[in-house]
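Engineer: I have a structure I would like to understand better, so I am pasting it below and will then ask my questions one at a time.
The values are calculated or read from the model by the stated rules, or taken from the named source; none is laboratory data. All of these numbers come straight from a predicted model, not from anything done at the bench. Every residue, glycine among them, receives a Cβ derived from its backbone with ideal geometry; neighbour counts consider all protein chains shown.
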Amino acid sequence: MSLRLRASLAVEIHAELCRAYPEEGCGVLVGRDLGGAREVERAIPFENRREDSRHNRYLIAPEQFLAAEKEARAAGLDVVGFFHSHPDHPARPSAFDLENAWPFYSYLIVSVERGRAADSRSWRLAEDRSAFEPETLEILPEADPLARVPSPARGGVDGR
Ligand SMILES: [Zn+2]
């Protein structure tokens, strides 16, 4: 099982979660489920709807989720997971995360330490729902080959 996303999308998600710091930020991952692997095409950030404990809890309201599902379907995609941050905590699911997890979906957790994205990990609920299992997180280089052409401004080809 793996979750794939483009580097630029990872940057976008990190920026969104850093903006939410010191509270938890959250949203959904939209893309394609290819059996074992999933490709994330876009991320839809949500306002954390928790009224309390926003530093270590998040809530996605049903209407937020339904709107995201609608947006995904319209683009020929699906909601394949959720992302949220752990401000100043490791990128491991909490007991709260386990209690509130749904089967099937990928749960991307980003630890944000002192306002900066530190570590990202993706998880899926085990079949018996007793625990989360880690899944491989693949950050892909950009599809556009021009994005990978070495630029003199960034040090050039040979560094001279
Ligand atoms: Zn969490």
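Engineer: Identify the single condition in (1) modelled with pLDDT of 95 or more; (2) touching a His at 6+ places or on another chain (Cβ under 9 Å) that Ala43 does not satisfy, given that it satisfies every other one.
Structural biologist: Of the numbered conditions (1) modelled with pLDDT of 95 or more; (2) touching a His at 6+ places or on another chain (Cβ under 9 Å), the odd one out for Ala43 is (2).
Engineer: Let me ask something else. Condition first: out of contact with any strand residue (DSSP E or B) (no Cβ under 7 Å at 6 or more places or on another chain) and of a type in the set (A, V, I, L, M). Now tell me which residues in region 25-64 satisfy that.
Structural biologist: Answer for region 25-64, where residues must be out of contact with any strand residue (DSSP E or B) (no Cβ under 7 Å at 6 or more places or on another chain) and of a type in the set (A, V, I, L, M): Leu34, Leu59, Ala61.
Engineer: Give the residue that is surrounded by the most Cβ atoms within 10 Å (Cβ to Cβ), with candidates limited to residues of region 16-46 that are over 17 Å from Asp88 (Cβ atoms) and without any contact (Cβ under 8 Å) to a residue 12 or more places away in the chain.
Structural biologist: The residue in question is Leu34.
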